[in-house]
1. Running Debye on segment 350-434 with equal point scatterers at the Cα sites and no solvent, what base-10 log of I(q)/I(0) appears at q = 0.18, 0.19, 0.26 Å⁻¹?
2. Just to check, using Stokes-Einstein with a Kirkwood Rh over alpha carbon pairs, what's the diffusion coefficient of segment 434-532 at 10 °C and 1.306 mPa s in µm²/s?
3. Hey, what does the equivalent ellipsoid look like for segment 24-175, semi-axes from the Cα gyration tensor as sqrt of 5 times each eigenvalue, largest first, whole Å?
4. Among 275-285, 366-376, how do they line up by average Cβ neighbours within 10 Å per residue, starting with the highest?
5. With each label point set 7 Å from Cα along the Cα-Cβ vector, what nm distance links residue 151 and residue 96?
6. Could you work out the Kirkwood radius for segment 58-109, taking every pair of different alpha carbons, averaging 1/r and inverting it, reported in Å?
7. Using 1/(1 + (r/R0)^6) with R0 = 41 angstrom and r between the beta carbons of residue 532 and residue 563, what's the FRET efficiency to the nearest 0.05?
8. With each pseudo-label sitting 7 Å past Cα toward Cβ, what's the residue 343-residue 546 distance in nm, one decimal?
Amino acid sequence: MRILLLTHSFNSLTQRLFGVLRAQGHTVSVELDIADSVAQEAVDLFQPDVVLAPFLKRRIPEGIWRKVVCLVVHPGIPGDRGPSALDWALMRGDEYWGVTVLQAVEEMDAGEVWAWQHLVMRPGATKSSLYRREVTNAAVQAVLHALERFVPGSLQPNQPSHTTATGSWNSLMPQTTRRIDWAVDSTATVLQKIAAADGSPGVLDALFDQPCRLFDAHAASPALVAQFASAAPGTLLARRGPAVLRRTLDGAVWIGHVRLEATPSQQAASDNMLKLSVAQVFSGHVAPLLEAPVALMHDADEWDELCYREFGPEGARVGWLDFEFHNGAMSERQCLRLRDALRWVRTRPTQVQVLAGGQDFFSNGIHLHAIEAAQRVAGDSAADASWRNINAMNDATLELLTLTDRITVAALHGNAGAGGCFLALAADVVWAHEGVVLNPHYKNMGNLYGSEYWTYSLPRRLGEAASLALMQQRLPLSAPDAVTSGLLDDCFGADAEVFSAQVLARCLTLAGAPDLAQRIKAKQAQREHDEMHKPLATYRDEELTRMKRNFYGFDPSYHVARHHFVFRKPHAWTPRHLALHHDLTSASTPPNPA
């Protein structure tokens with residue numbers, strides 16, 4: 001079929017559907033929902049069999065849904081309506097939920113149900129995490145079931161729906177419902193409220209007497225809470241990494257990220273509206289708090305961005321390093337923490353080292369929000385912050401490339417983009433599960449050249465010509481397609497949880513393999529040969545020479561693209577690499593400067 005994806009943004013769900021539908025042989029084009037006239041033009045040009053809306057914030061124009069089958073993906077059970085579906089489900093504590101694919105009609109979310117898929121609400125998950133994992137997996141299945149009901153030339157499915165509506169209308173959740181009362185709310189309640197607002201809109205509160213929205217909350221361990229048993233609820237107790245510790249009625253929570261709330265005198269798109277770590281936003285206020293560091297190898301109930309564990313017997317042991325950086329972005333500080341962690345694991349008696357990243361994102365490369373914020377710091381600049389961040393990212397990547405006395409495995413539990421992809425490719429073996437989406441390119445961020453030793457790692461896998469072709473394209477790549485191309489070594493497991501267990505089992509087998517010593521020796525010999533042929537320092541210097549032009553040169557494309565990205569500036573038009581239908585038009589179509 002010809003399927004037009006009409007979407008507010010090319011988000012994770014849309015990218016996953018884009019890959020799945022193309023893999024099934026459909027012709028897929030994308031139009032960002034910029035204006036009714038733009039959507040109508042896309043339909044007129046592409047003549048789709050189906051318009052699929054994975055992520056919309058507006059109604060589909062009547063002129064479209066009356067003529068073409070328009071299927072809307074709604075993250076709710078049949079009958080559920082309204083813009084805060086997941087928020088309400090999380091606040092109610094629902095154990096089960098679903099994703100519905102329904103036909104667009106005049107009334108929002110009121111059309112006929114073409115398909116729906118049940119899902120289990122993962123305990124403790126945030127709204128964003130549920131959306132990226134359970135909701136996305138359910139949406140893919142529901143969309144595929146819905147498309148099976150399509151009848152060419154008809155606006156009706158091939159059989160009437162017998163689905164019983166069990167949901168109801170839920171309005172946009174107000175901040176009054178989300179508000180935290182620190183004097184009476186338990187740790188579980190605080191976590192629930194922040195989880196239900198994760199991603200957007202956050203929970204309106206205050207830190208250090210400044211109004212802000214809270215994100216990225218984690219429970220403190222009982223052992224840590226015991227140290228502050230006499231503190232009053234709401235008191236700020238300590239700091240760790242990006243976060244501050246705040247007392248609740250019966251415990252404490254770490255709060256990792258905030259977005260300052262604009263005052264009435266500030267514009268809606270104020271520079272203060274960036275989402276950043278608490279430590280960065282309130283650096284002066286946080287510094288006097290007690291620092292509560294934790295060892296890299298720590299108990300499971302102790303929160304930190306990094307966690308190291310070991311499995312297996314002596315002589316066949318697997319080291320496992322998680323780095324759960326918020327939204328996959330890696331600031332200079334976080335890159336250096338990962339670098340130091342990789343230096344430390346060299347001291348551990350392991351035969352296989354797993355680099356597991358985070359559960360929702362493996363890594364998305366340098367931290368564009370933190371870089372943007374540097375422009376507001378006296379004596380700093382976005383260019384300088386970019387330069388420091390990319391060098392720190394390269395330092396971490398170099399540690400992995402030169403970890404030659406054991407086998408290294410990058411296990412992608414979540415999506416990876418830009419430098420995050422090439423951090424993974426620095427490992428000997430790279431695996432992912434079938435739901436992972438990769439964006440192994442930099443060009444969408446203002447034609448960045450990229451670093452992280454990609455000019456060394458990528459040709460090792462694909463060869464020079466295929467590597468250059470991959471870096472020129474700007475489309476997402478599904479994990480199965482990445483295996484076919486040679487970018488990944490294998491893809492297995494239906495989701496992150498199944499994948500994680502299978503990765504560990506494979507790595508334990510690898511660590512005890514009789515030929516492991518020979519494999520490590522061959523790896524060391526290859527690294528020595530490559531270094532003699534062309535040192536890693538030369539690859540780095542060549543890449544950074546190009547990156548320096550991106551950061552400091554006369555072309556501002558990177559800085560403009562970064563600014564638009566972090567402030568979510570609306571698109572003026574759909575990028576041409578997504579809008580296949582514009583290939584059918586004349587040269588009069590406005591070009592896309594990106």
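1. Scattering profile of segment 350-434, log10 relative to I(0): -0.77, -0.83, -1.19.
2. 100
3. Semi-axes from the Cα gyration tensor: 26, 17, 15 Å.
4. Packing proxy ranking, top to bottom: 366-376, 275-285.
5. The answer from the label model is 3.1 nm.
6. 12.0
7. 0.45
8. Result: 2.9 nm between the two label points.
The values are calculated or read from the model by the stated rules, or taken from the named source; none is laboratory data. Note that the structure is a prediction, hence the values are computed from the model and not measured. When we count neighbours, we look across all protein chains shown, and the Cβ atoms used for this are built from the backbone with ideal geometry, even at glycine. These accessible areas exclude ligands, DNA and RNA; they are computed on the full protein's heavy atoms, side chains included. Shrake-Rupley method; radii C 1.70, N 1.55, O 1.52, S 1.80 Å.
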